[in-house]
Amino acid sequence: METIIVKSNEQGQLNKADLVQAGSIIRNGGLVAFPTETVYGIGANAIDEAAIVKIYEAKGRPSDNPLIMHISDINCLKDYALNISVKAQKLINVFWPGPLTMVFSKTDKVPSRITGGLKTVAIRMPRHQIARSIIHEARVPIAAPSANISGKPSPTRGYHVIADLFGKVDMIIDGGKTELGLESTVLDVTREVPCILRPGSITHTMLEEVVGKVSYDSHIKDERHPPKSPGMKYKHYAPKGQLKIISSDIEANVIKYINIEGKKLMDMGYKVGAVVPKHAANDINIKYVESIGSINNHTEIGSNLFKILRKMDDMNIDYIFSFEFKGEDVSIAIMNRLNKAAGYNIVNV
Ligand code: AMP
Ligand code: MG
């Protein structure tokens, strides 16, 4: 398949003709990959079953893993979501447009292809200007999962999407680096106490400030529990190399461990990488050191995580050591992704 690639300008904008073309491709059953404030999405007309099937094919995604429906106009929410609660309405008022996806009971207008057969549908209104304009131009809701091959880290740069999907979609819009770099928070609002199914940049604290008590799916705090969000059960974000998280209250121990164990592996001829906070980069004596950002700037760390995991793959790194980026709020999302990438391979030192 021929793939049209268009780039946004320095202000992150796309010209009107490209937006109109993207909208028309989607409305007519094609696929367009585009940036959002979280990660890049691969979009299709959400009410066209044949178009939805193409997304699953392009990504190699299991068909029981439902897609998020993206809208740009709050007035069409009631066409797809039933029983919008007072709490959900409050969350919409505060966080939409933005990186919050909510799970509602679905109406009959939502094809079951998009929900993997579930009676619920996940809906989000992104705030990225290009994403909003494309949905507006398409004049239909857009089903859009992350624009990566299933099992790879989500794309946070245009070149990630081109690497994964060139030749598999009709159009790729390269909008540079995405702002947040972590997928949206997924919140189930079908229950009395809303429940976080996937942590993201809209944090537990931010949600509780608006609606009172919010729970976490037990899978997030303890991966031995089965997840309620189908997508969370799949092996995710895994780099090709073996990733290990080094945990300690004493930073010097982490540095020492990485230097000693890393050297052993390098002496055996392996390529060894490390994911470290900026201030520690100079203390690490192994070859491929990636600084992920300032230790207290969780937004920066979140926005660089997937880029670094992909870079480790591109460099064919065999073993990767990562610091732990523990804490509350966005750190929960960062560690959720990092733990999955590492297959819960964590060592305490
Ligand atoms: P992605 O768009 O690739 O970031 O993945 C969307 C995420 O939302 C996956 O983890 C899905 O399993 C989850 N999701 C989508 N629809 C639903 C739903 N109806 N109920 C629960 N989780 C959902
Ligand atoms: Mg995804």
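The values are calculated or read from the model by the stated rules, or taken from the named source; none is laboratory data. Since the model is a prediction, treat every value here as computed from it, not as a measurement. When we count neighbours, we look across all protein chains shown, and the Cβ atoms used for this are built from the backbone with ideal geometry, even at glycine. Keep in mind that these areas ignore ligands, DNA and RNA; they rest on the heavy atoms of the full protein, side chains included. Shrake-Rupley method; radii C 1.70, N 1.55, O 1.52, S 1.80 Å.
Numbers at a glance
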item: Given (1) farther than 19 Å from ARG132 by Cα; (2) open to solvent by less than 10 Å² (accessible area, probe 1.4 Å); (3) away from ligand 2 (no atom under 15 Å from the Cβ), index of the condition LEU165 fails; result: (3)
item: Any hit, region 30-38, residues being part of a strand (DSSP E or B), in contact with a Leu (Cβ under 6 Å, 6 or more places away or on another chain) and among the aliphatic types (A, V, I, L, M); result: yes
item: Region 189-200, subset open to solvent by 20 Å² or more (accessible area, probe 1.4 Å) and within 10 Å of ligand 1 (Cβ to nearest atom), residue nearest to ASP217 (Cα to Cα); result: ARG198
item: Top-ranked residue of region 235-264 - restricted to ones that are modelled with pLDDT under 95, out of contact with any Asp or Glu (no Cβ under 9 Å at 6 or more places or on another chain) and open to solvent by less than 100 Å² (accessible area, probe 1.4 Å), ranked as nearest to ligand 1 (Cβ to nearest atom); result: HIS236
item: Checking MET312 against (1) more than 20 Å from ILE220 (Cβ to Cβ); (2) free of Cβ contacts under 8 Å to residues at least 24 places away in the same chain, the condition it does not meet; result: (2)
item: Meets criteria (more than 16 Å from ligand 2 (Cβ to nearest atom), in a helix (DSSP H, G or I), farther than 19 Å from LYS311 by Cβ and without any contact (Cβ under 8 Å) to a residue 40 or more places away in the chain) for GLU209; result: yes
item: Index of the failed condition, GLU179 passing every other in (1) under 19 Å from ALA22 (Cβ atoms); (2) open to solvent by 30 Å² or more (accessible area, probe 1.4 Å); result: (1)
item: Some residue of region 90-100 being in contact with an Asp or Glu (Cβ under 9 Å, 6 or more places away or on another chain), touching a residue at least 24 places away in the same chain (Cβ under 8 Å) and open to solvent by 10 Å² or more (accessible area, probe 1.4 Å); result: yes
item: Every residue from region 180-206 that is more than 16 Å from ligand 2 (Cβ to nearest atom) and not in a loop (DSSP other than H, G, I, E, B); result: LEU187, ASP188, CYS195, ILE196, HIS204, THR205, MET206
